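This is the structure, below, for whatever I ask next.
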Amino acid sequence: MSLPRIASRVFDTPLMIAESKAIAFLAGFGGRLVDGGVVLPSGIAATDHVAFANGRPSAGVVGDSLGRYYQARGRGVLDMVGNVAVIPIEGTLVHKGAYVGSSSGETSYEGLRTQVAAARSSPNVAGVVYEVDSFGGEVAGAFETADMMAQLSKEKPTLAILTDFALSAGYLMASTARQVIMPELGRAGSIGVIRMHVDMSRKLENDGMRVTLITAGKRKADGNPVQPLPADVADAWRAEVEGMRQLFASRVGQHRGRRFSAEAALATEAADFGAADAVRLGLVDAIGPSQAAFEAFVTAINKR
């Protein structure tokens, strides 16, 4: 496992992931990413979530090289039930990953785009079901993927079934479907962006170490972990993630239309909601058991 790679995807980069999931990750991994661990904010409960665990049901980058890879080997990228393609969106969402489906608890936007492209182009696909169980993930790649999914919904019937969570980037993906259904105990929302910074300067000082940064360009070392985060850098980052939240809400408003506007999305202030409130506010369309919703959709599509 490449811990520096993981650290680079967690710290100092904008994430569309539920805050409780980020806290849970840092609680478990912080000591392996940062020597001595990290000090976690108080008052936020950590979420222990593994997609489709405990018996819950489981149901392209430029040029689509992943799709061409599968095609060249005579392998399909879609799980088909009759004329319905089932595309899972589970676990942590990451930008690049040359695989279809989930791997080590991650779903890649690259794999999702490959599946969406295949569903759009295949005459055998009359409808698509997204099985969503995700607390979100990376901002990079999220909007491009959601745009492709929204285009698919304009061309073919789509249904997002939450089993059980669609939070942050996970909700962005689900919102692109024509209809969204969730179980009674699921959660939806968290329409916001988070960015984390670790200040290691005191730890280094206590260990008797001093780091000298030699840079060309006065902003080159902005946000580095060996110095406290300056107020102006924090302000710049705060403005950046707020801009991303505005974009997030705008996209959700486009996808949901009159049911849940961009203004309504912003008004949630990145809160997440249980089923009854999610329906009342317009984040989702109905509450129901996932298998029954799936079977009804398949029956309706295969009658065409």
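If we only count strands (runs of 3 or more DSSP E) wholly inside the range 129-245, which ones have 2 or more residues that are at pLDDT 95 or above, under 30 Å from A265 (Cα atoms) and in contact with a Phe, Trp or Tyr (Cβ under 8 Å, 6 or more places away or on another chain)? Can you show your working first?
Numbers: elements: 158-167, 179-182, 187-189.
The strands (runs of 3 or more DSSP E) meeting that bar are 158-167, 187-189.
Hey, among the residues in the range 158-187 that are out of contact with any Ser or Thr (no Cβ under 9 Å at 6 or more places or on another chain) and buried (at least 18 other Cβ atoms within 10 Å of the Cβ), which one's nearest to S261 (Cα to Cα)? Steps first, answer last, please.
Let us first name the residues in the range 158-187 that are out of contact with any Ser or Thr (no Cβ under 9 Å at 6 or more places or on another chain), namely 159, 175, 180, 184-185, 187.
Applying the additional criterion that residues be buried (at least 18 other Cβ atoms within 10 Å of the Cβ) yields 159, 175, 180, 187.
Numbers: L159: 19, S175: 12, V180: 15, R187: 19 Å.
Looking at residues that are out of contact with any Ser or Thr (no Cβ under 9 Å at 6 or more places or on another chain) and buried (at least 18 other Cβ atoms within 10 Å of the Cβ), I get S175.
Next question. Would you check if there is a residue in the range 283-293 being part of a helix (DSSP H, G or I) and closer than 21 Å to V10 by Cα?
First pass over the range 283-293, keeping only residues part of a helix (DSSP H, G or I): 290-293.
Okay, now just the ones that are also closer than 21 Å to V10 by Cα, so none.
No, the range 283-293 contains no residue that is part of a helix (DSSP H, G or I) and closer than 21 Å to V10 by Cα.
Being within 29 Å of the chain's Cα centre (by Cα) and either of a type in the set (A, V, I, L, M, F, W, C) or surrounded by 16 or more Cβ atoms within 10 Å (Cβ to Cβ) (or both) narrows it down to one of D222, D232, so name that one.
D222
What pairs come out if I take residues in the range 146-169 that are within 18 Å of A118 (Cβ to Cβ) and pair them with residues that are in a helix (DSSP H, G or I) and among the β-branched types (V, I, T) whose C-beta lies under 6 Å away, six or more apart or interchain?
Once the first residue is within 18 Å of A118 (Cβ to Cβ) and sits in the range 146-169, its partners that are in a helix (DSSP H, G or I) and among the β-branched types (V, I, T) give M148/V116; M149/V116; L152/V116.
Next up: Mind checking which residues of the range 246-265 are out of contact with any Phe, Trp or Tyr (no Cβ under 9 Å at 6 or more places or on another chain), part of a helix (DSSP H, G or I) and of a type outside the set (G, A, S)?
Of everything in the range 246-265, those that are out of contact with any Phe, Trp or Tyr (no Cβ under 9 Å at 6 or more places or on another chain), part of a helix (DSSP H, G or I) and of a type outside the set (G, A, S) turn out to be Q246, Q254, H255, R256, R258, R259, E263.
The values are calculated or read from the model by the stated rules, or taken from the named source; none is laboratory data. For clarity, every value in this text was computed on a predicted model and none was experimentally measured. Cβ atoms come from the backbone with ideal geometry, glycine included; neighbour counts cover every protein chain shown.
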